[in-house]
1. State yes or no: is B:Val436 in contact (Cβ under 8 Å) with a residue 60 or more places away in the chain, within 14 Å of another protein chain (Cβ to nearest Cβ) and either surrounded by 23 or more Cβ atoms within 10 Å (Cβ to Cβ) or over 17 Å from the mean Cα position of the chain (by Cα) (or both)?
2. Might you check whether a residue that is at pLDDT below 85 and more than 10 Å from chain B (Cβ to nearest Cβ) occurs anywhere in segment A:111-124?
3. How many of the residues in segment A:83-96 are within 7 Å of chain B (Cβ to nearest Cβ) and either touching a Leu at 6+ places or on another chain (Cβ under 8 Å) or of a type in the set (Val, Ile, Thr) (or both)?
4. Applying the selection to segment B:439-488, what residues are farther than 20 Å from B:Ala104 by Cβ, part of a helix (DSSP H, G or I) and β-branched (Val, Ile, Thr)?
5. Is it the case that B:Ile194 is at pLDDT 95 or above and surrounded by fewer than 21 Cβ atoms within 10 Å (Cβ to Cβ)?
6. What's the total number of residues in segment B:331-365 that are more than 18 Å from B:Ala488 (Cβ to Cβ) and in contact (Cβ under 8 Å) with a residue 12 or more places away in the chain?
7. In this structure, does B:Val442 turn out to be surrounded by 20 or more Cβ atoms within 10 Å (Cβ to Cβ) and touching a Gly at 6+ places or on another chain (Cβ under 8 Å)?
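The values are calculated or read from the model by the stated rules, or taken from the named source; none is laboratory data. No experiment lies behind these values; they were computed from the predicted model shown. Neighbour counts are summed over all protein chains in view; Cβ atoms, including those assigned to glycine, are modelled from backbone coordinates with ideal geometry.
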Amino acid sequence: MHKLMMGLARSMAILGGMVLSLLIFLTCLSIIGRLLNGAFHSDVMQSIAPGFSNWMVTWVGPINGDFELVEAGVAFAIFAFLPLCQISAGHAAVDVVANAFPRGVNRFLRMITELLFAAVLVLIAWRLAAGTISKFGNGETSFLLEFQIWWALGASLFGAVVAAIVGVYMGAVRTIEFFTGRIQVWDGVEGEQ
Amino acid sequence: MTALEIGIASFPVLMILIFLRVPIGLSMFLVGLGGLIMVTDGTQVAFGRLKSETYSTFSSYSLTIVPMFLLMGHFATLGGMSTALFKAAEGFLGHRKGGVAMAAIGACAGFGAICGSSLATAATMGRVALPELKQYGYAGGFSTATLAAGGTLGILIPPSVVLVIYAILTEQNIAKLFLAAFIPGLLAAIGYVIVISIYVRLYPESAGTRPAIAWAERFANLVKVWPVLLVFGLVVGGIYGGLFTPTEGAAVGAFGTGFIAWMNGGLDRPNLVDSFMVTARSTAMIFFIVLGAGFYNGFLALTKVPQELADFVVSQGFSPWMVLALILAFYLIFGCLMDSLSMILLTIPIFFPVISVMDFGLLSLIDMQADAAMEVLRNGVPEGMGAEMLTSIQEAIATGTELTREQMKELGIRVTEGRVNRIETEYVAIWFGILVLIVVEVGLITPPVGMNLFIINAMDRKTKMIDTYKAVMFFVASDIIRVIILVAFPFITLLPLLLLY
């Protein structure tokens, strides 16, 4: 079970990383296009080779609406990154005080925390689904590219649902750990206990 | 309970949750959600906001810079650039007293220019420099402390992820904040080098010696840092040259460091997957805190707590410098317990409104008017200006009185109180941001929970944590002295802005 969940979280992270890399390429291409377009519009190029320059500016330029793709893509990537952070206990927390508590108390706190986290992730996924449905209903499109906004929300929803599944799984793991007293998923935090 | 009372009551609840090891982002989200439900009498408003708020937070264009800078920083660790930087710095400094440690600081500063994360800088430079320091007989605690302190340069020298978050929270220009961070960042590096030279004189046995190398070899090593300079020049030059936005700069930087890592054979498949994993974990962590903070701050704004607090502080007539000193001291203490990003997201929405209503008197209306008037008059008296008018203006400048609307109109300048206040507000925001950045970074190297100390100490099994703690206090002292200097002389921080804008 843990292997499956870990595999799921890692695959999502890799998918998110690939989308992020693609967006980086896209942004760089767009910048090059914009700079070249400016260069062909410049007086120097216009006087040396007017025909060639005018032909070049017709197809060399910034990618239209690149920032819309960056926004939608990064949102998906971040949702895709959530499961890994969840399963590997990557969230920042303050543990100076909690370290002084007895082991049992800490395990109890951990169970409650993970269950709350799972509930919040389910809530986020549920509300995002509602948001997606309402965008689907009103057919809102993006400003420049005019793609359907609900596509972007739907992609993010996929990440949010996986995050919720992994969150619930981790909540279950910590609950079992508390009641059986046997650690099942080690993530380094138990080391000092 | 009134909304204001609920807002005030939310602080202790939030603090208790955080100290029970509930992740900081989750704590803020829960308290914000609960508070919103209480204030608005039902789940309708809170759940309605959630429908779009997660997506709009994660897709905010100015925040997309964060994962790109993180990926850039991680690619930078793979490209052999850290080794090149260290070798170059070592060539010039290594044979001096404490020179290898100084070289480590220099290399950290260079690496900080392409990496926006302190932990990544500390970890990368630690891998490169720690074995060398040991080899030349540097004491364990001194070596680890040097590298932990050097790591903080990763975030002090732009690009810097923490500054991006500060810029977004306070609606300031990211490029201007990066610019303002340069001089304080360099002062930090210089301060650490001074600390090293004092330390090796106090404890001569803590540092060994290393033979000098030939000048030809030094320059050969220096040439090898060209990829770092190229990426840094491209990103920073592009942003300030107006060629691209900071987010685009981050994309160019990530592509650049990735390309160099790939050319050097550092970016194979396992490393790429590993980069994605590290980036994924830090990105998800940061954005969950951003989301929680957004929710919590939205709730706080509804209860009007930040506004009331600002009004209260003003009505008490505290000295602005006193308030600033208290806030910075608060960060120094809390920095020992909490990570820098969480602390900024948690506190800036509360402290910033207070600071921005304070009058630090950075600019003076009369001086600015006099400067502008002199500038005009130096190019000759404007046409059609009567002799009487000219005398009255000269008199006003000489006696230091405010120019009238009429006089300014004749001169063709517009230096009104409103405009001066606007500029002053921006300067205070930027200056305060840099000060906060420094004090929260000190938290990375102060015991008991300095993350940089843990990272470096984990690399060196033989050094006891207590030795690192002892040596790092010298670096903390230099940090505190630097903060005092920067508070006393705001224009050190603002100088690049005055020159460029």
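1. No; evaluated as a whole, the condition is false for this residue.
2. Checked segment A:111-124: no residue is at pLDDT below 85 and more than 10 Å from chain B (Cβ to nearest Cβ).
3. 5
4. Answer for segment B:439-488, where residues must be farther than 20 Å from B:Ala104 by Cβ, part of a helix (DSSP H, G or I) and β-branched (Val, Ile, Thr): B:Val439, B:Val440, B:Ile466, B:Ile480, B:Ile481, B:Val483, B:Ile484, B:Ile485, B:Val487.
5. Against the criterion (at pLDDT 95 or above and surrounded by fewer than 21 Cβ atoms within 10 Å (Cβ to Cβ)), B:Ile194 qualifies.
6. So the count comes out to 24.
7. So B:Val442 passes the test.
This table checks each residue for (1) at the interface with chain B (Cβ under 10 Å from one of its Cβ atoms); (2) within 18 Å of A:Phe79 (Cβ to Cβ); (3) not hydroxyl-bearing (Ser, Thr, Tyr).
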| site | (1), (2), (3) |
| --- | --- |
| A:Arg127 | yes, yes, yes |
| A:Gly139 | no, no, yes |
| A:Leu144 | no, no, yes |
| A:Trp151 | no, yes, yes |
| A:Val162 | no, yes, yes |
| A:Arg174 | no, no, yes |
